[in-house]
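J.: Got a structure for you, questions after.
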Amino acid sequence: MRNDHDRSEDLYRRAVWLMPGGVNSPVRAFRAVGGTPRFIREAKGAMITDVDGRRYVDYVGSWGPMILGHADEEVMEAIKRALERGTSYGAPTELEIEMAAEIVEAVPSVEMVRMVNSGTEAVMAAIRLARGVTGRNKIVKFEGCYHGHVDSLLVRAGSGVATLGLPDSPGVPASLAQNTLTVPFNDADAVERVFAEHRDIAAVIVEPVVGNMGCVPPRPGFLARLRDVARRNGALLIFDEVMTGFRLARGGAQELYDVTPDLTTLGKIIGGGLPVGAYGGSRDIMQYVAPAGPVYQAGTLAGNPIAMTAGLATLRRLRDPHVYRRLEEAGARLCAGLVEAARAADVPMTINRVGSMWTIFFTDGPVWDWTTAARSDRARFARFFHAMLDEGIYLPPSQFEAAFISLAHTDETLERTVTAARTAFASLK
Ligand code: HOZ
């Protein structure tokens, strides 16, 4: 007997034959939660629809970019108009200036910016720039943080690497990995110790609010201490705001926590759902980038006019401060409901949230680093994930990914999610 996911199953079988694991990015594959990934046909607002016609309230939001909700009318109209003028020129456009100005105006530490095609590219370039500026080689990163699939940062990484329980990736030369020093997130003393032991540190890179081991906020004062220790030791501080940029505040986590990094990487929201990344910092540092300076970095499709259009249409909507009040209110309302639902079912769990980023961990202790995140009962998470999916709620198919709320998640959608969670938590007993 065939079930109601026939077409997703058929497509998955074909996909697995044609693509590694059947997907173009590992965490989509449902490997950690089991079952068949849903193949998506379309999305609108807070809802996605799979190829079997099942509709879900979506908390993945393309892993962060869809802050306005899917297929936002204004963004779609802007893209359609832009398409009529061609898709790529490989030459400068006014749109790129508008995008740069929008980012510079919003993100406190950024005076100049370079557009690239993904968050991974942004981080790769920021690391090269930090090495070029300081003349040093080593990078400090945090266990469970993920900065794209950049060679030197695939060490004790979060996201798909943690989800799949992979060792530090084969294919990354040991000589490169040796230049990466890892310390526990939220442990500023450990960072001090690393600097005491190593002279050659070019930069400390951090997700200021981690999304890639699930949502893990910084403890009070942690980011400020990173700022201080990096400066005292002549290293740069890089905030990877690919997830948090324009999400936690218009100026990202650096605005929210009032800490100024030397370099910032961005992605996701700034592309409005199209492939985009960016890195930026002070004028002094960014002047090292070619052709202004000697640190080489380039991209045929960088600053692509369609992507700039989608990004600008999104970022302009985020100028309204009400947006961030609404996301905070929605996050608080949803998570309060989820806590209540878990309590009613007597299921121990911890929920971490900053604004519209949140994660449920099946552990009864606080989660503030990789060790505490990894204590979560992942088999239980998988059961919860599928129970929610059955109730029409699409969560990230991994314990180690943050869920995202958009402006299209109405109070009614949030309430529906809490109702689904009551059933899902009760099924775990
Ligand atoms: N944690 C990833 C985004 N930073 C999930 C998306 C992906 O890898 O496909």
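J.: Considering region 37-109, what Rg and Dmax in Å follow from its alpha-carbon atoms?
T.: Every Cα atom of region 37-109 included, Rg and Dmax give 16.2, 46 Å.
J.: Any chance you could run the full-extension gain for D168 through W17? It's 0.36 nm times the residue separation minus the Cα-Cα distance, nm to one decimal.
T.: Between D168 and W17, full extension yields 51.8 nm more.
J.: Give me the three principal axis extents of region 317-429 from the C-alpha atoms, as integers in angstrom, largest value leading.
T.: Per principal axis, max minus min of the Cα coordinates gives 42, 30, 22 Å.
J.: Next up: Ranking request for peptides 100-112, 132-144: highest mean number of other beta-carbon atoms within 10 Å first, then the rest in descending order.
T.: Working: 100-112: 19.0, 132-144: 21.3.
Ranked from most to least packed, the peptides come out as 132-144, 100-112.
J.: I would also like to ask the following. If the label point is 7 Å along Cα→Cβ of E197, which residues in region 363-386 have backbone nitrogen under 19 Å from it?
T.: 370-371, by backbone N distance to the label point.
J.: If you don't mind, another one. Taking every pair of distinct Cα atoms and averaging 1/r, then inverting, what Kirkwood hydrodynamic radius in Å comes out for region 7-53?
T.: Result for region 7-53 stands at 11.2 Å.
J.: Hey, what number do you get for the chain at 222 nm if only DSSP H runs of n ≥ 4 count, each worth -39500 (n - 2.57), divided across all residues, to the nearest 500?
T.: Rounded to the nearest 500, the figure is -11500 deg cm²/dmol.
J.: Roughly speaking, what is the stretch gain from T300 to E77, that is 0.36 nm per residue apart minus the C-alpha to C-alpha distance, in nm to one decimal?
T.: 77.7 nm is the gain from fully extending T300 to E77.
J.: Can you work out the accessible area per residue across the chain, with the rest of the protein chains kept in place, probe 1.4 Å, in square angstrom?
T.: About 42 Å² of surface per residue is accessible.
J.: Computing the accessible area with a 1.4 Å probe over protein heavy atoms, can you report the carbon and sulfur percentage for region 167-285?
T.: 50 percent
J.: So which trypsin sites (Lys or Arg not before Pro) in region 177-240 pass both tests, a DSSP loop state and at most 12 other Cβ atoms within 10 Å of the Cβ? If you can, show how the numbers build up before the last one.
T.: Numbers: sites: R193, R199, R225, R227, R231, R232; in loops: R199.
Counting only loop positions with at most 12 other Cβ atoms within 10 Å, the trypsin sites (Lys or Arg not before Pro) in region 177-240 are R199.
J.: Okay, next question. Considering only C-alpha atoms, what is the centroid distance from region 158-193 to region 33-59, in Å?
T.: So the separation of the two Cα centres works out to 33 Å.
J.: Across bins of 10 angstrom width beginning at 0, how are the C-alpha pair distances of region 234-375 distributed, in whole percent?
T.: Here the calculated profile for region 234-375 is 10, 29, 32, 20, 8, 2, 0.
J.: Per the Kirkwood definition applied to all pairs of different Cα atoms, how many angstroms is the hydrodynamic radius of region 254-293?
T.: 11.7 Å
J.: When all alpha-carbon pairs of the chain are counted, what percent fall beyond 29 Å?
T.: Percent of Cα pairs beyond 29 Å in the chain: 45.
J.: At 1.4 Å probe size, put W370, W358, W63 in order of accessible surface, largest to smallest.
T.: On the way: W370 65, W358 10, W63 45 Å².
So, going from the largest accessible area down, we get W370, W63, W358.
J.: Per-residue accessible area for D168 at 1.4 Å probe radius, Å² rounded to 10?
T.: Rounded to the nearest 10, the figure is 80 Å².
J.: Over the chain, calculate the relative contact order: mean separation of alpha carbon pairs under 8 Å at least 6 apart, over the residue count, as a percent.
T.: Normalised by residue count, the contact order of the chain is 22 percent.
J.: Can I ask one more? Using only the Cα atoms of region 387-429, what do you get for the radius of gyration and for Dmax, in Å?
T.: Rg and Dmax of region 387-429, Cα atoms, are 11.0, 33 Å.
The values are calculated or read from the model by the stated rules, or taken from the named source; none is laboratory data. The model shown is predicted, which means the values in this text are computed figures rather than measured ones. Every residue, glycine among them, receives a Cβ derived from its backbone with ideal geometry; neighbour counts consider all protein chains shown. Heavy atoms of the whole protein, side chains included, go into the accessibility calculation; ligands, DNA and RNA do not. Shrake-Rupley method; radii C 1.70, N 1.55, O 1.52, S 1.80 Å.
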